[in-house]
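S.K.: Here it is: the structure, laid out below.
Throughout, read-outs are computed from the coordinates displayed, never taken from laboratory work. All figures in this text were calculated on a predicted structure; none of them were measured in a lab. Here the Cβ positions follow ideal geometry from the backbone for every residue, glycine too, while neighbour counts run over all protein chains shown.
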Amino acid sequence: MDENQLAGYADKNQLPPPSERIPAIRWLKQNLFSSWFNAILTIVSTALIMTIVFGLLRWALEARWEVIPANLKLLLVGTYPVEHLWRVWAVVYLVAFLLGFSSGAHGGLMRRVSTTAALVSVVLAVLPFPWGTRGWLLGIAVAAAAGFGLGYLGKGIRWCKRLEIASWILSFPISLIFLNGVGGILPVIKGRTMWGFMLNLIGAVVGIGLSFPVGVLLALGRRSRLPAIRLVCTAYIEIIRGVPLISLLFMASIMLQLLLPASVRPDLLIRAMLTITAFSAAYMAENVRGGLQAIPQGQYEAAYAVGLNRALTTILIILPQALRIVIPAIVGQFIALFMDTTLFGFIAILELLNITRSIMGNLEWRGTIFELYVFIGIVFWILCYSMSYVSRRIEKTLGVGER
Amino acid sequence: MLSKKVSSSHSVPFWRDVRVLRVMGQVVFLVIIAAGILWLLNNLQVNLRACGLRISFNFLRNTAGFPISEGLRYNPTDVHGYAFWVGIVNTIRISLIGIALTTIIGTVVGIARLSSNWLVKKLAGLYVEVVRNIPLLVQLFFWYFAVMLTALPMVKNSIRLPGSIYLTRRGVYLPWITLAESFGTWAWYIIGGLVVAIAVYVFRRIQLKRAERPGFPIIWAGTILILILGAGWFLTPGNPLALTIPVLKRFNFEGGLWLSTSFTSLLIGLSVYTGAFIAEIVRAGILAISRGQTEAARAVGLKKAHVLRLVVLPQALRVIIPPLASQYLNLTKNSSLAILIGYYDLMNVGTTIFNQTGRAVEMIMLIMASYLTMSLLTSLLMNYYNRRMKLVER
Amino acid sequence: MTNDEGIIIYRDVHKWYGDFHVLRGITFTMQKGEVVVICGPSGSGKSTCIRTINRLEEHQRGQIIVDGIELTNDLRNIEAIRREVGIVFQQFNLFPHLTALQNVSLAPFWVLKMRKSKAEEAAMKLLERVGIPEQAQKYPAQLSGGQQQRVAIARALAMTPKIMLFDEPTSALDPEMIKEVLDVMRNLARSGMTMIVITHEMGFAREVADRIIFFDYGQLVEENTPEEFFHNPKHERTKLFLSQILDY
């Protein structure tokens, strides 16, 4: 009773913040023409924007955009055989389904992400693609919706959450095997170094997925009390971070087979994946180390005091807290890694950037160089920008920095 | 931290003694690592023997035989070792010029992002978001293949910018300063001017310290140096420095400074890309200086210039410099993408030497060692700076 | 073997932080069921002293025997002693990613290998004992300081320790929450728990302690009954300290 009265009292005296509506002219004056210098800046930047926008518009209207739809399949999945394309769609559906499932089970940010993905697929389906493609695209929305329904139903159930985590983790190897094929069951697709944009995605996902456990171990090693372990881990991290990725790729392409016995000859794509994992692990370790450093000493002491040993303390107490802090940094690293996969072209892997060269070399498409680079730029920009947007939202909801 | 005297009276079995376990753990770890490395080295030896090769750096003394179109004076008849050195210098060259350019871009954009002008602020934000989210290599290819090699005209119809700058498909030509004959005479004024300026600086500093008063001795020294240099300029017969302007001759431009297409696109690409990151650092640095501190310093009665120098700048620099250094290092490492657009940096020369000699292990070691040296030097410098900053803080 | 001499035996214990001599030959003995309050100015080594008892700090010279087990570099002894000694920290140090119930049931589940349902049942009983069963599903950040410290006490008790250490348990609390924590500690003392408490709450010390130990400059200056300690201290430094903290 008392408390209710108090609460009512607090409510009564709380006023909404004053709403300010600034008239357009005052807004203009405040934000664009507050001084002579500002006015000049406004005029100059308006002129700049006009030039750029008109230039772009004129170019965009005259550009031969038909090069993109004509080569879309080549750009996105390279030489992946048409009769097996359903496997790619199946993987996309799996991811959409899982996204939908998670969003049904958790809501919040996840729900916005999956809704956006479903909406995008519907919008794309409206675009003048061939009818078959439109059908496949609509399927994404259907898969997401189905996942959402199941996730929503299984919300409170305990094993549902475990199932969700397990299927996310399992979905990566399953997708890879599915795309590649297994001897006897699904025919193995030849020429997997020529899969266009799919290789950029696979490279980034595999790189971040494999480098995560390695990076966590390296970070723990770098903070070890045992000097020998600390030294080795630090040396590895600093050496990798001290050289450019391209020099490591160079090493993978010409020196890796010298370091392995003659019976082991991994193909180019596997070598590229190993390289990007080794590279990414060093950066991952530094990110995780940042999280570990943010955990106060008291947490270790409290864990030891209740009888947990070092391993249990790390697994149960320290890592869960440290990793939560570094989620945004890991997303940032994923974005960087995704962009770095364009360097695969250096070792003759036909990812998105490299596969465009074959189109440019085609007489029919001569002079479409701008169109192609702009297309690649837009594809990367949309994906990277939306990921960094999501990561900023995560940062906000996690309240990083407030403990 | 080891105990000064062992306190335990009865012995502990070694497999439960924490100190023994610590040592054992490290030994086991090192043995595993060493075994792994030895296994790799053994494979290497076996594989090399199968090819009939031995690790040796003697090939560096053989004639290179391939051309390098820019950088230090170099002949295809020079040795591989020297060719690699030319590559290193080219890497340093693109990095230093890139660092200068990207710092300017980053600072301007970073300040613009905090501008009170809405349009300027949004424009700067757009730049940062666009540039950061497109792979650097895509941007480099765009500048090199699309802009420099496709969009720019041939030499005959070059685009002329104000100040006799010519943009062509062959590269960029700019006016440049060269040393004239009388430079030798003027050089004496430079040396003399520097000596006098340093003397004035030291003298003024001591004077200020003795008087226990604030001031800017560097301004005194700078003014005197400029005065002496100016006087020397007029007293020297003939101009000590000459400006050469590129002029279109029958097939090509002559005079002035030529920047190759590869160099120009690498420079633009690296600076524009890194500039977006530096802009964020500059912005964070400016925001980090809380307004309160500026006001507090002003309330104490310091002049605006003093506030900037004594209060604001040191704090901003402490926030800005460490991430800035890592961006500079990133730019240097990213300059290795030169190999994909034909600029002869150390990566490019290194792979060319490998293609000619087949010396994989040696060339990779040389390339990695070169980059690691640069990284190491930067981090040593940063450690020194951080230590000094901590001293200032205390 | 040394059980009959006392549950904690401290013989000429020394410790250094680098060149700084924190503990300068501390000697004392505690009996089972005793409640000892340690007081002294900050930096006098009292906190370091009790942290050596469960080896959060290593001593470098002398002998510490807890319940018949000597603290050495023997891994098994360290683990055994940590199971027998609970500690409550000034800053609570709850695990922020776990609920109150999980904070308490974590160690019994993982260290004592209790069944999960049993561990949670026991944890719930402990939360009832410290008076906050209704907060079981909340995270530490949702609890007040006093509630957090009570969860921390329950967490330490969950390992059924023979000895409880309290390192300034009320110093980080707002004044209105001190009482609830002290009440829990008082009940614990009445139940016969062996306790060492570092505190500046002199009222609590007078009421609950069997003995009071005064630390200064890493030395044990005075060891006395509460009655004698407050009314008739033996040592000049004790008098000075008491005059400083009692008439503020």
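S.K.: Angle between the Cα long axis of helix C:100-110 and the longest principal axis of chain C, 0 to 90 degrees, nearest 10?
M.R.: That works out to roughly 90 degrees.
S.K.: Given R₀ = 41 Å, FRET efficiency for A:Ala39-A:Glu395 by Cβ-Cβ distance, to 0.05? Show your work: numbers first, answer last.
M.R.: Working: r = 37 Å, r/R0 = 0.90.
Step by step, r from the Cβ atoms, then E = 0.65.
S.K.: For chain A, with a Gaussian network of springs between Cα atoms less than 10 Å apart, report the residue from A:Leu94, A:Leu61, A:Leu249 with the top mean-square fluctuation.
M.R.: The residue with the greatest mean-square fluctuation here is A:Leu61.
S.K.: Shifting gears a bit: Under 5 Å between amide H atoms, partner at least 5 residues away or on a different chain: which partners does C:Met114 have, H built in plane at 1.01 Å?
M.R.: Excluding prolines and chain starts, which carry no amide H, the hits are C:Phe109.
S.K.: Using a simple spin-label model with points 7 Å from Cα along the Cα→Cβ vector, what separation in nm is obtained for A:Trp86 and B:Thr373?
M.R.: Once both label points are built, they end up 6.0 nm from each other.
S.K.: Beyond 36 Å, how much of the Cα-Cα pair distribution for chain B remains, as a whole percent? Each step should come with its number before you reach the end.
M.R.: Working: 38937 of 77421 pairs.
Considering chain B, 50 percent of its Cα-Cα pairs are separated by more than 36 Å.
S.K.: Further question on the same structure: Pairs to check: A:Lys155/C:Lys118; A:Lys161/A:Lys396; C:Lys46/C:Lys162; C:Lys46/C:Lys234; C:Lys32/C:Lys116; C:Lys125/C:Lys162. Give those whose C-alpha atoms are more than 28 Å from each other in this structure. Intermediate results must be reported in sequence, preceding the final value.
M.R.: Working: A:Lys155/C:Lys118 26 Å; A:Lys161/A:Lys396 24 Å; C:Lys46/C:Lys162 21 Å; C:Lys46/C:Lys234 19 Å; C:Lys32/C:Lys116 31 Å; C:Lys125/C:Lys162 18 Å.
Over 28 Å apart, Cα to Cα: C:Lys32/C:Lys116.
S.K.: Something else now. Taking only C-alpha pairs under 8 Å that are 6+ residues apart, what is the relative contact order of chain B in percent?
M.R.: Details: 418 pairs, mean separation 84.1, N = 394.
21 percent.
S.K.: What longest region of chain B stays clear of GluC sites (Glu not before Pro) that DSSP places outside H, G, I, E and B and that have at most 14 other Cβ atoms within 10 Å? All intermediate terms of the calculation are to be shown ahead of the outcome.
M.R.: Working: sites that count: B:Glu181, B:Glu212.
The segment B:213-394 is the longest one with no such site.
S.K.: What value, in deg cm²/dmol to 500, does the helix sum -39500 (n - 2.57) over DSSP H runs of n ≥ 4 give at 222 nm once divided by the residues of chain A?
M.R.: Numbers: 17 runs with 295 residues, N = 403.
That calculation yields -24500 deg cm²/dmol at 222 nm.
S.K.: May I ask you to evaluate 6.51 cos²θ - 1.76 cosθ + 1.60, the Karplus curve with θ = phi - 60°, for each residue of the range C:177-193 and list the ³J(HN,Hα) values in order in whole Hz, giving x for glycine and proline?
M.R.: Ordered by residue, 3J(HN,Hα) equals 9, 5, 4, 4, 6, 5, 4, 4, 5, 4, 4, 4, 5, 5, 6, x, 6 Hz.
S.K.: Quick one: Cα centre-to-centre distance for the range B:339-355 and the range A:305-378, in angstrom?
M.R.: After rounding, the separation between the Cα centres reads 25 Å.
S.K.: Now for a separate question. Grab the beta carbon distance between B:Asn355 and A:Leu363, set R0 = 30 Å, and tell me the FRET efficiency rounded to 0.05. Walk me through the intermediate numbers first.
M.R.: Working: r = 30 Å, r/R0 = 0.99.
E(calc), rounded to 0.05, equals 0.50.
S.K.: Suppose only helical runs count, i.e. DSSP H with n ≥ 4. What mean residue ellipticity at 222 nm does that imply for chain C under -39500 (n - 2.57) per run, divided by all residues and rounded to the nearest 500 deg cm²/dmol? Spell out each step's value before the answer.
M.R.: Values: 9 runs with 96 residues, N = 248.
So the helix-based figure for chain C works out to -11500 deg cm²/dmol.
S.K.: Now for a separate question. What is the distance in Å between the Cα centres of the range A:45-88 and the range A:122-167?
M.R.: 27 Å
S.K.: Could you work out the relative contact order of chain A, using alpha carbon pairs under 8 angstrom and six or more residues apart, expressed as a whole percent?
M.R.: On the way: 381 pairs, mean separation 72.7, N = 403.
18 percent.
S.K.: In the range A:147-228, which trypsin sites (Lys or Arg not before Pro) fall in coil by DSSP and have 11 or fewer other Cβ atoms within 10 Å? Could the numbers behind the result be given before it?
M.R.: Working: sites: A:Lys155, A:Arg158, A:Lys161, A:Arg162, A:Lys190, A:Arg192, A:Arg222, A:Arg223, A:Arg225; in loops: A:Lys155, A:Lys190, A:Arg192, A:Arg223, A:Arg225.
Taking the range A:147-228 and a limit of 11 other Cβ atoms within 10 Å, the loop trypsin sites (Lys or Arg not before Pro) found are A:Lys190, A:Arg225.
S.K.: Looking at the range B:128-209 from every direction and averaging, what is the projected area of its Cα convex hull in nm²? Walk me through the numbers before you get to the answer.
M.R.: On the way: hull surface 47.4 nm².
Computed as one quarter of the Cα hull surface, the answer is 11.8 nm².
S.K.: For a test of the definition: using alpha carbon positions, the gyration tensor, and the 1.5 limit on a/c, classify chain C as rounded, prolate or oblate. Provide the component values of the computation, followed by the final result.
M.R.: Working: a/c = 1.86, a/b = 1.31, b/c = 1.43.
Oblate, because a/c is 1.5 or more while a/b does not exceed b/c.
S.K.: With labels modelled as points extended 7 Å from the Cα through the Cβ direction, what inter-label distance (nm, one decimal) is found for A:Val123 paired with C:Phe230?
M.R.: Computed distance between label sites A:Val123 and C:Phe230 equals 7.4 nm.
S.K.: Let me ask something else. Can you check what the net charge comes to around A:Leu231, using other residues whose Cβ is under 14 Å from the Cβ of A:Leu231 (Lys, Arg +1; Asp, Glu -1)?
M.R.: Values: positive: A:Arg222, A:Arg223, A:Arg225, A:Arg230; negative: A:Glu238.
Taking every other residue near A:Leu231 into account, the sum is +3.
S.K.: Per residue, how much space in cubic angstrom lies within the convex hull of the C-alpha atoms of the range B:183-235?
M.R.: 50 Å³
S.K.: Let me have the 222 nm mean residue ellipticity of chain B computed from DSSP H runs of 4+ only, each contributing -39500 (n - 2.57), with the sum over all residues rounded to the nearest 500. Write out the running numbers ahead of the final one.
M.R.: Values: 11 runs with 242 residues, N = 394.
Helix contribution divided over all residues of chain B: -21500 deg cm²/dmol.
S.K.: Determine the relative contact order of the range B:96-183: mean sequence separation of Cα pairs under 8 Å and six or more apart, normalised by residue count, in whole percent. Don't skip to the end; give the middle numbers.
M.R.: Numbers: 53 pairs, mean separation 11.2, N = 88.
Relative contact order comes out at 13 percent.
S.K.: Where in the range A:103-121 does the amide nitrogen come within less than 15 Å of the point 7 Å from the Cα of A:Ile157, taken along Cα to Cβ?
M.R.: Label zone hits: A:104-106.
S.K.: Under the rule that an exposed site lies in a DSSP loop and has at most 13 other Cβ atoms within 10 Å, name the longest stretch of chain A with no GluC sites (Glu not before Pro) of that kind, not counting the sites themselves.
M.R.: Here the longest run is A:67-401.
S.K.: Continuing with this model, one more query. Note the angle between two axes, namely the Cα long axis of helix C:145-157 and the longest principal axis of the Cα atoms of chain C, as a number of degrees from 0 to 90, rounded to the nearest 10.
M.R.: 90 degrees
S.K.: Simple spin-label model, 7 Å along Cα-to-Cβ: C:Thr29 to B:Ala242 in nm?
M.R.: Computed distance between label sites C:Thr29 and B:Ala242 equals 10.2 nm.
S.K.: Something else now. Quick one: check the C-alpha center-to-center distance for the range C:67-146 versus the range B:10-59, whole angstrom.
M.R.: Cα centroid to Cα centroid, the span is 42 Å.
S.K.: Still on this structure: Given H placed 1.01 Å from N in the peptide plane, which residues other than close sequence neighbours of C:Phe166 have an amide H under 5 Å from its amide H?
M.R.: When sequence neighbours closer than 5 places are left aside, the close amide H contacts are C:Val88, C:Ile196, C:Val197, C:Ile198.
S.K.: Counting only complete DSSP H runs, which helices of chain A cover 27 Å or more along their long axis at the Cα atoms and score a mean Kyte-Doolittle of -0.5 or above?
M.R.: Details: long enough: A:36-62 (39 Å, 1.54); A:85-106 (32 Å, 1.35); A:131-153 (33 Å, 1.09); A:158-180 (34 Å, 0.76); A:197-222 (36 Å, 1.82); A:268-293 (38 Å, 0.78); A:319-340 (29 Å, 1.46); A:369-398 (43 Å, 1.04).
Once both thresholds are applied, what remains is A:36-62, A:85-106, A:131-153, A:158-180, A:197-222, A:268-293, A:319-340, A:369-398.
S.K.: Taking DSSP loops as anything outside H, G, I, E and B, show the longest stretch in chain B free of chymotrypsin sites (Phe, Trp or Tyr not before Pro) there with at most 15 other beta carbons within 10 Å.
M.R.: Working: sites that count: B:Phe57, B:Phe251.
Here the longest segment lacking exposed loop sites spans B:58-250.
S.K.: If you don't mind, there's one more thing I want to ask. Fully extended, how many nm does the chain gain between A:Ala235 and A:Trp27 (0.36 nm per residue separation, minus their Cα-Cα distance)?
M.R.: Details: separation 208, 0.36 × 208 = 74.88 nm, distance 5.56 nm.
Here the segment from A:Ala235 to A:Trp27 would lengthen by 69.3 nm.
S.K.: Still on this structure: Where in the range B:69-125 are there trypsin sites (Lys or Arg not before Pro) that are in a DSSP coil and have at most 13 other Cβ atoms within 10 angstrom of their Cβ? Kindly include the intermediate steps, with their values, before the conclusion.
M.R.: Working: sites: B:Arg73, B:Arg93, B:Arg113, B:Lys121, B:Lys122; in loops: B:Arg73, B:Arg113.
The qualifying sites are B:Arg73.
S.K.: Related question: Taking the Cα atoms of the range B:12-51, report the difference between the largest and smallest coordinate on each principal axis, in whole Å and largest first.
M.R.: 55, 11, 6
S.K.: Once R0 is set to 41 Å, what does the formula 1/(1 + (r/R0)^6) return for the Cβ-Cβ distance between B:Ala199 and A:Ala336, expressed as a FRET efficiency to the nearest 0.05? Can you show the working numbers first?
M.R.: Working: r = 51 Å, r/R0 = 1.24.
That pair, B:Ala199 with A:Ala336, gives E of 0.20.
S.K.: Using DSSP, restrict attention to beta bridges with both residues in the protein assembly as shown and report what percent are antiparallel, rounded to the nearest 5. Before the final figure, lay out the partial values.
M.R.: Numbers: 39 of 57 bridges.
Percentage antiparallel, nearest 5: 70.
S.K.: Given H placed 1.01 Å from N in the peptide plane, which residues other than close sequence neighbours of B:Leu257 have an amide H under 5 Å from its amide H?
M.R.: B:Leu174, B:Trp176
S.K.: If I build a Gaussian network model for chain A, linking alpha-carbon pairs within less than 10 angstrom, which residue out of A:Leu316, A:Leu245, A:Leu269 has the largest mean-square fluctuation?
M.R.: A:Leu316
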